[in-house]
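One structure is given here, and the rest of the page talks about it.
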Amino acid sequence: MLLKNAYILLVAALSSFSLLHEYYVSITTIQLHQNGAVDLTFKFVAHDLEKAIELETGVAIQVDEQDQLTDSILETYIKNHFEISGLEEANYLGREFNLDETFYVYFTARYDTTLSKFNVRNTLLLQTFEAQENITHINKGTTQKSLSFKRNLTNYTVNINE
Amino acid sequence: MNKLIVILLSILVFKVSGQENVNKFRQLKDKLATPNVYRTASGAPGHQYYQQQANYEIDVVLDDNRQKITGKEVVTYINNSPDPLEYLWLQLDQNVRAKGSDTKKVKTGQISKNKDLNTLYYTLKTFGEGYYEFDGGFKLTKVKTITPNAFDSFTVNKTMMRLNLNKPLAPGDSVKFRIEWYYNINDRMEIGGRSGLEYFREEDNYLYTIAQFYPRMCVYNDVEGWQNKQFLGRGEFALPFGNFKVNITAPSDHIVAATGDLKNQKEVLTKTQISRLEKAKKTYDNPVLIVTQKEAEEIEKTKATTTKTWTFHAANVRDFAFASSRKFIWDAMAVKQDGGDDVMAMSYYPKEGNPLWEEHSTRAVAQTLRTYSKYTIPYPYPKAISVNAKQIGMEYPMICFNYGRCENDGTYSDRVKYGMITVVIHEVGHNYFPMIINSDERQWTWMDEGLNTYLQYLTEQEYQEDYPSRRGPAHKIVDYMKGDKKMISPIMTNSESIWQFGNNAYGKPATALNILRETVMGKELFDYAFKKYAQRWAFKHPTPADFFRTMEDASGVDLDWYWRGWFYTNDHVDIAIKKVIEKDKKDYKKALKELNDVQKKALKLDEDFFIYQIDFENIGGLVMPLIVEFTYEDGTKKTHYIPAEIWKLTNDEVSKVFVEKKKVKSIALDPYLETADTDISNNYYPKKVVPTKIEAYKLKEAQKKSVLERVGK
Ligand SMILES: [Zn+2]
C-alpha cells in the first residue's frame, strides 16, 4: 500500500490475495444546478486510484498526503479521463480521504442552462482494471440519469430532459 | 407410481396457471442439495458423515544460496469413506508457476494505449504469453509407494497428480507413499504469489514465506467426489485434515516460524531465547521480545554457512506453512480465552516493519483470538503467528503473512497503521474460516472470505471504538449493489467466475451477515446460530447448504427469502415511500357517533388519534424489514420495526396503516442506513433533500475561514 516502486504495484495487480483490495467501482456524480453551476464529485477507493495513476504516469502518489503536487496530479488524471460536453471553467475544488480507504475529489464548473443533451466520456481506472465499472449519475432538479462505464463502453450521449 | 401422479399433477397445475412460483418467500428446496445420511436437513453433519485423513512426515531444505526448496515426504492416506477409491489425487500448486501453465494462458488483457516503460513491463510480464518465463513448478524426483504394490505409476495433469492404484483402496484401509521434489522459489515482488521470497537488495538478504511447498492430498467427500478442479490462481484450496511432522533445514542464523509446536527448541534456540519464551508464556498484557531488533540487526550483517534443523509437529491441521529469515525480530505473548487453553500470539518481522509491528501485530493477533473464539469456538491450536511480508496478506493454519512497512525514518501514517492491523486481523481470522471450519475454497470463496470478513469487522470494532472498517456496515456495500446488474454475479458463483471478487466474495456476504444479525434476526438469535454452525463444522467440511440450514434450524427464523435474495440473486435493496395518506379524528366524526360505549372505551376514543396509510414500493427487488421512523410535531420520535414478511404476499408493493396519538410531522424509512438501501432520496415524507458530499465539503471548507476571508478581505 505504501509502495514506491512502480513494478511492485504492477505485480500487485496480477496477484490475488486473501485480503482483497481491488474494489473496481467508482462513482461520479454530476449535479447541474438551475443557476448554471455544476458540482462534480468523484468517489474512488483510494488504493485503486493510486495504482491506476502510478501505472499510467509512473508517479507514485499517496492521496492522504496534503501537497499541491498531489492535487495537480489528481486534477490532470481526472481531466484526462473524464469529459462532459458543454461544461466550462471546470475547477479543481479539493479532496477528502477517509481511513476506510474511500476517497473523494471535487470539481466545480459552469454550464449553459439551455443545454439538455450532454456527451459524457469516462475512462477512469478502466485501463488498469479489467472489471472496473464507473457509475455516473447526472442530476438536474428531480431528474436523475445513471450511466455505467466499462472498458468497452466509454461514451454516452444523454438527454437530461428525456 | 405416486411420484408419477404428483409430477403429472404439477405439470397440469403449471399448464393451468401458466406461471411459475416466483414469490420471494418460496422455500429454497430447489437450490439446496437433498439432505442425506452425510448432511442433515438441520444443517448438521449426518450420522454417516465421514472425512478422509492425510498425515505427512516432511523433510524440507531451504537453500538460501540458490533460493530453492528441496523436499521429501511420506504421506499416509486413510480412506474413511464408504467407497473403494480407484485412484488418489494430489495437488501440485507450485505448477501454476510452471513454464506454460494455464494460469497465464487464460489471462485476458488488452494492449495499453500508454507507451511508457511501466506499462510495457507490466503488459509483457502479465499477458505476454511466452515472453516472461520463470522456471517454477514442482520438479518431482520420486513418487513411490511404501505400502507394497499399491501403485506403479502416476499421472500429472497440470496442477493435479493422480496415483494410479493397482487395486482400489478399500473403505477403512490406508496407503503410504513417498514423494521427493524440488522447486525454485518465486520472487513475490517480481511475479507475485501467495508465498515466495522477498529480496532486500541493499544488504543482500532474503525473507522467505513458504507455502504450498509440498504435494498435498485433495479432498474426497460426499459432495464433490475428488475436489480436483485445477488451480488457476484465484479459487483457493480444499484440504483434508491430518497430522504433520516437519523438519525444516535452514541456514543456522535464520529464525524459523511455522505451523505447529516447536519440538527441539534446545537445539535451535539460545538459552536466552528459551527463557524469554518462557516469560512470554506467562505474560498476558504486553508482547515479550524473544529476538530484539538490536539482535536481529546484528545477525543480518553476516551469513552463516552452517545449517540448523527445526522440528515442528502439528495435530489436526489441514495444511502447513513456514517463514524463515535472518532478519526476523520475534515477539510473543499469552492470551487467555473463555473455555479454552491459553494460546500464544506471536509475530516475526524485519526491522523495516518497526515500530509499527512491535506496537500492533501481536496485540492484533490476541484481539482476533479473543473475538473470534467468543463468536465461534475456543481457538484449538497452541499458537497464532503473524509474519511481516511486504505487500501480501495470506493465511495458513497457525501462521499468516501480512503487509505493513514503515518509512525509512520509522514513521508511519494512520493509513498504513490501520491497513496493517486490518490485514493481521483478517488473516489470523482465517484460522477459523477455512482452516478449522474447513469449507471448500476452490468452489466457494465467500464461505471463508465472507464469514471471515464479517467477524473481522466485529474484531476491528472491539480492537478500537470507531475503527475505520472498510467492510461490514450496511451503507458501505451500496455502491457495489447499485451497480450495473450485468457486472454483478450472485454470491453463489464459483470462485473462478466471480466478477468484482472483493465486493462479491468479501464485502457483500460480510455485510449480508452483519445486516442479518443487526437488522433481521437480532444479535442473540444470530450469534447462537452462527456459533452452532462453527461448533458443528469445526474440523469438518461444510457446504453452503449446511450453513444456510444451520442458521435457520438453530434460530427458528425462516431465512430462505434472505439467502435466496442476497446469495442467489444480484437484486439490491431500494424500498421507497411511495405515498402517504393522512386522516385524523375529525375525518371520522360521523362513524364515531355510531359506536356504542363499549366500543368507544375499547378503542380509547376519548383521546385524539391520527391515521396514516403508507404505501411502500420495492424497487430494488430485495425484500427487507421496514424501519419506519415517525417524527411528531412536538419533536419526539418513534420507530416502527416491521419484519420482512410484510412482503410475503405481494413482493413489490405493500400498504400499511399506522394509528398514532400525536400528529406526525415527517416520516423516514431506514433513517440510520441499516438495510443497504441504494437510493435514500425516496425514503422520506415529505421529500427531503439530503446534502451531497460536495455541499458538505464546501460548508466544511467555508467554516475554516472567517467571513472576511470568505469575501476576499
Ligand atoms: Zn481472506
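The numbers here are math on the coordinates, done by the rules we state, and not lab data. Because the structure is predicted, anything quoted here is derived from the model rather than measured. For neighbour counting, all protein chains shown are included, and Cβ atoms are generated from backbone atoms with ideal geometry for every residue, glycine included.
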What is the distance in Å between the Cα centroid of segment B:184-256 and that of segment B:510-562?
32
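Measure up B:Lys662/B:Lys698; A:Lys140/B:Lys687; A:Lys43/B:Lys229 against 27 Å on the Cα-Cα distance and list the ones that go over.
B:Lys662/B:Lys698; A:Lys43/B:Lys229
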Partner aspartates and glutamates for B:Lys578 [C-alpha distance under 18 Å; skip if fewer than 8 residues away on the same chain]
B:Asp615, B:Glu617, B:Glu629, B:Asp652, B:Glu653, B:Asp670, B:Asp677, B:Asp679
Along the charge dipole of the protein assembly as shown, pointing to its positive end and built from +1/-1 on Cβ of Lys, Arg, Asp and Glu, which listed residue (B:Leu269, B:Ser706, B:Asn682) has its Cα farthest out?
B:Asn682
Taking θ as phi - 60°, what are the ³J(HN,Hα) couplings along segment B:431-443 by the Karplus curve (6.51, -1.76, 1.60), each to the nearest whole Hz, with x for Gly and Pro?
3, 7, 10, x, 5, 9, 8, 8, 6, 8, 6, 4, 8
By the Kirkwood definition, with r running over pairs of different Cα atoms, the protein assembly as shown has a hydrodynamic radius in Å of 30.0
If I fit a long axis through the Cα atoms of helix B:414-429 and take the longest principal axis of the Cα atoms of chain B, what angle between them do I get, 0 to 90°, rounded to 10?
80
If you take the C-alpha gyration tensor of chain B, multiply each eigenvalue by 5 and take the square root, what semi-axes do you get, largest first, in whole Å?
52, 34, 25
Mind checking which of B:Gly565, A:Tyr156, A:Leu55 is farthest towards the positive end of the protein assembly as shown's charge dipole, using Cβ charges of +1 (Lys, Arg) and -1 (Asp, Glu) about the Cα centre?
B:Gly565
Using only the alpha-carbon atoms, how far is helix B:693-703 inclined from the longest principal axis of chain B? Give it as 0 to 90 degrees, nearest 10.
90
For B:Lys301, counting only lysines whose alpha-carbon sits under 21 Å away and dropping same-chain residues fewer than eight positions off, the answer is B:Lys327, B:Lys351, B:Lys390
Mean per-residue count of partner chain Cβ within 10 Å for A:140-146 equals 1
Going by Cα centres, segment B:364-416 and segment A:21-68 are how many Å apart?
30
Grab the DSSP H runs of the protein assembly as shown that are 4 residues or longer, score each as -39,500 (n - 2.57), total them, divide by all residues and round the 222 nm result to the nearest 500 deg cm²/dmol.
-7500 deg cm²/dmol
Starting from the Cα of B:Lys705, draw a straight line to each of the lysines and keep only those under 22 Å, dropping any in the same chain fewer than 8 residues away.
B:Lys693, B:Lys713
J(HN,Hα) series, segment B:188-201, from Karplus relation 6.51 cos²θ - 1.76 cosθ + 1.60, nearest Hz, glycine and proline x:
4, 6, 9, 10, x, x, 6, 9, x, 10, 10, 9, 9, 4
From the Cα centre of segment B:308-329 to that of segment A:129-162, the distance in Å is 52
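Which links in B:Lys532/B:Lys648; B:Lys68/B:Lys139; B:Lys586/B:Lys663 stretch past 22 Å when you go from one Cα to the other?
Those over the limit are B:Lys532/B:Lys648.
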Antiparallel DSSP beta bridges within the protein assembly as shown, as percent of all bridges there, nearest 5:
85
Helix B:523-537 versus the longest principal axis of chain B: what is the Cα-based angle in degrees, 0 to 90, to the nearest 10?
30
Find the percent of Cα-Cα distances in segment B:575-710 that exceed 27 Å, and round it to a whole number.
40
Using each residue's phi in segment A:152-158, evaluate 6.51 cos²θ - 1.76 cosθ + 1.60 at θ = phi - 60° and report the 3J(HN,Hα) Karplus result to the nearest Hz, with x for Gly and Pro.
9, 8, 10, 9, 9, 10, 10
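Sort B:Thr675, B:Thr550 by Cβ crowding within 10 Å, fewest neighbours at the top.
Ranking B:Thr675, B:Thr550 by Cβ neighbours within 10 Å, fewest first, gives B:Thr550, B:Thr675.
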For segment B:671-713, what's the radius of gyration and Dmax over Cα atoms, in angstrom?
15.7, 47
The residues B:Arg470, B:Arg26, sorted from fewest to most surrounding Cβ atoms within 10 Å, come out as B:Arg26, B:Arg470
Amide H contacts under 5 Å for B:Ile392, restricted to residues at least 5 apart in sequence or on another chain and with H modeled in the peptide plane, are B:Tyr403
Which ordering of B:Asp677, B:Asp285, B:Asp93 is given by a fewest-first count of other beta-carbon atoms within 10 Å?
B:Asp285, B:Asp93, B:Asp677
Rg and Dmax of segment A:22-159, Cα atoms, in Å?
14.6, 42
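Any idea what the relative contact order of chain B is, in percent, if you count C-alpha pairs under 8 Å spaced at least 6 apart?
Working: 1439 pairs, mean separation 74.5, N = 713.
With pairs under 8 Å counted, the relative contact order is 10 percent.
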Taking every pair of alpha-carbon atoms in segment B:406-533, what share in percent sits in each 5 Å bin, from 0 to the bin with the longest distance?
2, 10, 17, 21, 21, 14, 8, 4, 2, 0
State the answer as a single residue: which of B:Ala591, B:Ile667, B:Thr692 lies farthest towards the positive end of the charge dipole of segment B:553-700, with beta carbon charges of +1 for Lys and Arg and -1 for Asp and Glu, about the Cα centre.
B:Ala591
DSSP bridge pairs, chain B: antiparallel proportion in percent, nearest 5
85
Computed over chain A: relative contact order in percent, which uses C-alpha pairs under 8 Å that are six or more apart:
26
